[in-house]
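For reference, the structure discussed in these notes is given below.
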Amino acid sequence: MSKYFNMPFLEHSTYPTPGLINRNAHLSTIIPAKFKKYPIPNYTREKITTDDGDFLNLDWRFQENKNKLVILFHGLEGDSKRTYLNSCSDYFYARGFNVLAWNHRTCGGEMNLTCRLYHHGSIDDVHRVVEKAIAEHYEQIYLIGYSMGGALVLNYLGNYSIDEKIKCGVVFSAPLSLKSCADTLKLFPNTVYFKNFKRTLVPKFKAKALQFPGVLNEEMIDQIKTFDEVDEYFTAAMHGYSSKEDYYHHASPTTVLDQVKTPCLIVNAANDPFLGKDCYPVERFKKHEFCTFEMPKFGGHCGFPLKNTRHSWAEIRAWEFIEKY
């Protein structure tokens, strides 16, 4: 048995029932993302070179000691300065943690150099970031991921031999099954979220087509209607998968959940408009030795708003879990 105290599935979430407006899945998703204002922390940026001839932009906040570091993972088409990360960064920094908010390729304010972007299975970059943190001699390292960032945390923990300095992970709104999520985002009114992703993804594909003429499926860029086209003609083709189905299988955390041996809290709101039913494998978690699954009734996608505080419940819940380890 694990040496850690663990409750595989929490029958009752600690997320308090929000006000009437925030009980709506879409309002609790959109309002925090689009209208909540939280100042960007004063980060120190570092650009690191990757062994495949590219780079990653890392944003740091340093304490005087190196006792504790939290690494923050943003979601699809996000960056290190998204509101949910700003709020989480401040919450942990105020409690003595060093903070590293890193940017996935193409998300740090400049286009990357190689013929690849980022995706739910790009755990080689996660490993690079974690190895960088370990090399900086932090004593205790904690991973917090939102949405796609949460999937990356789980995929990393399930695929790599994890250094003992990595104490635990916490993920919110995690797409545990990518096919389930892709299908859910085809349904109205969830289609509005895909349109928002498309608005920034298409220019990135066009920029890559200019960088690497004749390599991408350029004729398909203007044919994109759902994640089916994104993942079949771009994500899979650019990153070594044989098809979108192959990508969905290998990059879905459900594939490696049983291999996760690091304590991890997974929080998926029951009303999350991004997540399909396969993102709530309650029976699997009831038997899991290391993962705790929490399913609040409300919260939306990466929202979890609270009354009378600038912070969301997500960072508060993450801190509570991390304090155990």
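The values are calculated or read from the model by the stated rules, or taken from the named source; none is laboratory data. Quantities reported herein were computed from a predicted structural model and do not represent experimental measurements. In this analysis, Cβ positions are derived from the backbone assuming ideal geometry, glycine residues included, and neighbour counts consider all displayed protein chains. Ligands, DNA and RNA are excluded from the accessible area calculation, which covers all protein heavy atoms including side chains. Shrake-Rupley method; radii C 1.70, N 1.55, O 1.52, S 1.80 Å.
Couple of notes before you dig in:
- Checking each residue in region 44-63 for being surrounded by fewer than 19 Cβ atoms within 10 Å (Cβ to Cβ) and either within 19 Å of the chain's Cα centre (by Cα) or within 16 Å of residue 90 (Cα to Cα) (or both) picks out 44, 60, 62, 63.
- Being touching a Gly at 6+ places or on another chain (Cβ under 9 Å) and assigned to a loop (DSSP other than H, G, I, E, B) is a property that holds for residue 174.
- Count of region 300-324 residues which are open to solvent by 30 Å² or more (accessible area, probe 1.4 Å) and part of a loop (DSSP other than H, G, I, E, B): 7
- Criterion (at pLDDT 95 or above and in contact with a Cys (Cβ under 6 Å, 6 or more places away or on another chain)) met by exactly one of 276, 303, 299: 276
- Scanning region 116-129 for residues that are touching a Lys or Arg at 6+ places or on another chain (Cβ under 9 Å) and part of a helix (DSSP H, G or I) turns up just one, 125.
- Single match in 236, 209, 251 (criterion: small (Gly, Ala, Ser) and under 11 Å from residue 115 (Cα atoms)): 209
- All positions within region 108-128 that are of a type in the set (Asp, Glu) and either open to solvent by 30 Å² or more (accessible area, probe 1.4 Å) or at pLDDT below 95 (or both): 110, 124
- In region 188-299, counting only helices (runs of 4 or more DSSP H) that sit wholly within it, the ones holding 3 or more residues that are touching a helix residue (DSSP H, G or I) at 6+ places or on another chain (Cβ under 9 Å) span 191-211, 227-230, 244-251.
- Among the numbered conditions (1) under 11 Å from the mean Cα position of the chain (by Cα); (2) surrounded by 24 or more Cβ atoms within 10 Å (Cβ to Cβ); (3) of a type in the set (A, V, I, L, M), the only one that residue 76 does not meet is (2).
- Residues being surrounded by 16 or more Cβ atoms within 10 Å (Cβ to Cβ), over 16 Å from the mean Cα position of the chain (by Cα) and of a type outside the set (Phe, Trp, Tyr) - total across region 274-286: 4
- Residue 105 being among the basic types (Lys, Arg), open to solvent by 40 Å² or more (accessible area, probe 1.4 Å) and under 15 Å from the mean Cα position of the chain (by Cα): no
- Taking strands (runs of 3 or more DSSP E) as the structural unit, no element lying wholly within region 31-115 holds at least 3 residues that are among the β-branched types (Val, Ile, Thr) and under 30 Å from residue 239 (Cβ atoms).
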